[in-house]
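These notes are about the structure you will find just below.
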């Protein structure tokens, strides 16, 4: 069974908040034509779904087990990693890894 991304997102947010993380998620809004878009300007297209902050910052793109990362999403993740940030693609099949990541403090300063 493929977990819907919205259900997976709710589970990740709930777990992160329960573990003491501050979580930011920018919701899509429906425009006048009825299309769903996330309001964003400049280079924001493809920005990760979640920003989590505790003793470090994580940027997380959430996907279903079969979902694909877009070129814009990949560019953001690569740029964030190059800047030293924790940047991940998480899928429902990664749940045990997600739990470990959100439970444990980083092994070295800066994560």
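Residues 60, 51 in ascending order of nearby Cβ atoms (within 10 Å, fewest first): 51, 60.
So how do 25, 88 line up by other beta-carbon neighbours within 10 Å, fewest first? Walk me through the intermediate numbers first.
On the way: 25 15, 88 20.
Sorted ascending by nearby Cβ count, the order is 25, 88.
Label-to-label distance, residue 100 versus residue 82, with points set 7 angstrom from Cα along the beta-carbon direction: 2.9 nm.
As a footprinting exposure proxy, order 59, 26 by other Cβ within 10 Å, with the fewest listed first.
Details: 59 20, 26 14.
Fewest to most other Cβ atoms nearby, the residues stand as 26, 59.
Each value in this text was obtained by applying a stated rule to the coordinates, not by laboratory testing. Everything numeric in this text was worked out from a predicted model, so none of it was measured. Every residue, glycine as well, gets a Cβ built from its backbone with ideal geometry; the counts of neighbours run over all protein chains shown.
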